[in-house]
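Visitor: Mind looking over this structure? Questions follow.
The values are calculated or read from the model by the stated rules, or taken from the named source; none is laboratory data. Only a predicted model underlies this, so the values are computations on that prediction, with no experimental measurement involved. In this analysis, Cβ positions are derived from the backbone assuming ideal geometry, glycine residues included, and neighbour counts consider all displayed protein chains. Just the protein is used for accessible areas: all its heavy atoms, side chains included, with ligands, DNA and RNA removed. Shrake-Rupley method; radii C 1.70, N 1.55, O 1.52, S 1.80 Å.
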Amino acid sequence: MSPHFKVPVAAAAFAVALLAGCTSELPSEVGADLATVELDSVLVPLDVFAVDRYSALAVQDPDLPLSRQQVLYLGGQMGNRSSILVNFDFDAYASEDFPESLFTAGNIQTVKLSLTRLRFYGEAADTNAPVVRVFYRIYALDAPFDSTAFPGPVPPHDGRDLNADYFLEQGSLPQIPLYKSDFLEWIAEGGLRGFLIQAGAESDSGLVGFAARDLRRFSEIPPVAVGTVPAPNLVVNFASEEINRLIPPQADISTFDQVPAPPAVPDATLLVRTCLRQYPALLFSLAKLPPDVYINRAVLVLHNDTSRSFGTLQTLVVSELDTGSFGDPYGSLTLDSLGQLLYPVTGTFNNDPGFNRRFDFNVTASLQRAVNGAYTGVRGFVLTADEDFLTGYDTAVIDPDFYFNEFHFHGTAAPDSVRPHLLIHYSSVTGLGGDDDE
């Protein structure tokens, strides 16, 4: 929104009130001169499609590295792909309750890798998202993984699938059988060993979230038994024991080895992504807006492509952002920096990326500030999720780093019926004072 115009807003409102009034009494001389003042035109509609500037903002949170996120993502959807990496310490497989003497070929019945799906990905009861079937492939890495290398490519491994029953899909709480002989080799060698979990080719398309070792929002997973380790863990079942030995991970992470960057131009799509935050920023041209106007109403209209968008219910917030922070065409900001730069305007709650198509954001106050020169510089709009610093819109207990959601809004090259635009209704004002040259 370029602040090209100044308007005496109070005077405009006063003029509207004069025109709206009526009385059966004869007019007096008081205010007789004001009676000749008129609005040239009232509630003129103007569609603004022209975008002067665009940026795809990548927002990082240094306080929450990928290795400490609460959710692990597996599978692929809309060009995004991720595997899960886990490190186990085989010097710590025994304990006081489970001495080394128990870990023999004759006493171990089964060894399984246990995972816990988030409720949304196991039930999907509150959105239109389908439940994704996953057939798991497990590999031993050549070395334990380095958390600082991700997002990044899948580490080297020998290519031998460790899943003893590959065609396995066990819903929300899968326990993937491993070869007992492999486990006995690992504990004999000891040390830290890394593993790769992938979704096989027979799996459905879709990203699926699983509990990580840093999970704190236990309300997001299904009910589990007391003592369960929701994170990826090894479950050793003994013939001589009534309870299983659960070996927790030393580290886990999502690879996100394939995550498409937004287009360098907004022609095709405006992408809003959570988890790995990506937020679009737009500056609409106000060149067609006449001088000396009063903004009656302004709406930012966006159309969501539900065939490409996916994820959980999400709050979306429109804020003002100075174009000096846009970047061209990409900008990179820390989460704290973004919070200091945004001026929140409006938002909508419980938006389903696979269902809600049209979004009308009321930005009247923003346009009024712009045309009245209420601030220095030039501000555009940025569309984000409900970050903690967006007071009034941060009503959910789940932060945007938790779920991987994508909204694909139609871009500037789309047909007019679904292009992003500002729908403005204004009234022209003349003769109400002020400097006509402004």
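Visitor: Pop out the Kirkwood hydrodynamic radius of segment 248-330 from its pairwise C-alpha distances, inverse of mean 1/r, in Å to one decimal.
Guide: Numbers: mean 1/r = 0.0598 Å⁻¹.
This gives a value of 16.7 Å.
Visitor: Where does the chain land at 222 nm, in deg cm²/dmol rounded to the nearest 500, when only DSSP H runs of n ≥ 4 count, each adding -39500 (n - 2.57), divided by all residues?
Guide: On the way: 5 runs with 42 residues, N = 438.
Helix-only estimate at 222 nm: -2500 deg cm²/dmol.
Visitor: Two decimals is fine: what's Rg over Rh for the chain, C-alpha atoms, Kirkwood radius as Rh? Mind showing how you got there, number by number?
Guide: Values: Rg = 28.9 Å, Rh = 25.1 Å.
The Rg/Rh ratio comes out at 1.15.
Visitor: Per-residue counts of other Cβ atoms within 10 Å, averaged by peptide: what ranking do you get for 80-88, 304-312, 128-136, highest first?
Guide: Ranked by mean Cβ neighbours within 10 Å, highest first: 80-88, 304-312, 128-136.
Visitor: Taking one equal scatterer on every alpha-carbon of segment 80-254, how large is log10 of I(q)/I(0) by Debye at q = 0.08 1/Å?
Guide: With one equal scatterer per Cα and no solvent, log10 I(q)/I(0) is -0.24.
Visitor: Related question: If segment 254-393 were replaced by its equivalent ellipsoid, with semi-axes equal to the square roots of 5 times the Cα gyration tensor eigenvalues, what would those be, largest first, whole Å? Walk me through the numbers before you get to the answer.
Guide: Values: eigenvalues 136, 61, 47 Å².
That gives 26, 18, 15 Å for the three semi-axes.
Visitor: If you put +1 on each Lys and Arg Cβ and -1 on each Asp and Glu Cβ, how big is the dipole of segment 274-367 around its Cα centre, in Debye rounded to 20?
Guide: Numbers: 6 positive and 8 negative charges, 62 e Å.
Dipole about the Cα centre, nearest 20: 300 debye.
Visitor: Give, rounded to the nearest 20 debye, the magnitude of the charge dipole that the chain has about its Cα centre when Lys and Arg contribute +1 at Cβ and Asp and Glu contribute -1 at Cβ.
Guide: Details: 26 positive and 54 negative charges, 163 e Å.
For this selection, approximately 780 debye.
Visitor: Take the Cβ-Cβ distance between residue 131 and residue 101 as r, set R0 to 51 Å, and report the resulting FRET efficiency rounded to the nearest 0.05. Spell out each step's value before the answer.
Guide: On the way: r = 43 Å, r/R0 = 0.84.
My answer for the efficiency is 0.75.
Visitor: Could you give the size of the charge dipole of segment 80-254 about its Cα centre, using +1 on the Cβ of each K and R and -1 on the Cβ of each D and E, expressed in debye and rounded to the nearest 20? It would help to have the intermediate numbers written out before the result.
Guide: Details: 13 positive and 23 negative charges, 101 e Å.
My answer is approximately 480 debye.
Visitor: Sticking with this structure for a sec: Carbon and sulfur together cover what percent of the accessible area of the chain at a 1.4 Å probe radius?
Guide: Values: 10010 of 19670 Å².
Solvent-exposed carbon and sulfur of the chain make up 51 percent of the total.
Visitor: A follow-up question, please. Please report the antiparallel percentage of DSSP beta bridges with both residues in segment 80-254, rounded to the nearest 5. Show your work: numbers first, answer last.
Guide: Values: 31 of 31 bridges.
Around 100 percent antiparallel, to the nearest 5.
Visitor: Sort all Cα-Cα distances of segment 318-418 into consecutive 10 angstrom bins from zero, then give the percent of pairs in each bin up to the one containing the longest distance.
Guide: 12, 40, 39, 9
Visitor: With label points built 7 Å along Cα→Cβ from the Cα atoms of residue 343 and residue 60, find their separation and express it in nm.
Guide: For residue 343 paired with residue 60, the spin-label model returns 2.9 nm.
Visitor: Further, regarding this structure: If you stretched the chain out fully between residue 301 and residue 336, how much longer would it get, using 0.36 nm times the residue separation minus the C-alpha to C-alpha distance? Write down the numbers at each step before the final one.
Guide: Numbers: separation 35, 0.36 × 35 = 12.60 nm, distance 2.79 nm.
Fully extending the segment from residue 301 to residue 336 adds 9.8 nm.
Visitor: Could you list which residues have their amide H under 5 Å from that of residue 178, counting only those 5 or more apart in sequence or on another chain, with H placed in the peptide plane?
Guide: 111, 112, 113, 164
Visitor: Packing-wise, with mean Cβ within 10 Å as the measure, how do 154-167, 89-102 rank, highest first?
Guide: Those peptides, ordered most packed to least, come out 154-167, 89-102.
Visitor: In addition: Quick check: residue separation of residue 372 and residue 259 times 0.36 nm, minus the Cα distance between them. What number comes out in nm?
Guide: On the way: separation 113, 0.36 × 113 = 40.68 nm, distance 4.15 nm.
Full extension of this stretch gives 36.5 nm more.
Visitor: Taking springs between alpha-carbon atoms closer than 10 angstrom, which of 197, 176, 108 fluctuates most in the Gaussian network model of the chain?
Guide: Result: 108 has the largest fluctuation of those listed.
Visitor: Full-extension gain between residue 205 and residue 362, please, as 0.36 nm times their residue separation minus the C-alpha to C-alpha distance.
Guide: Numbers: separation 157, 0.36 × 157 = 56.52 nm, distance 3.59 nm.
Result: 52.9 nm gained on full extension.
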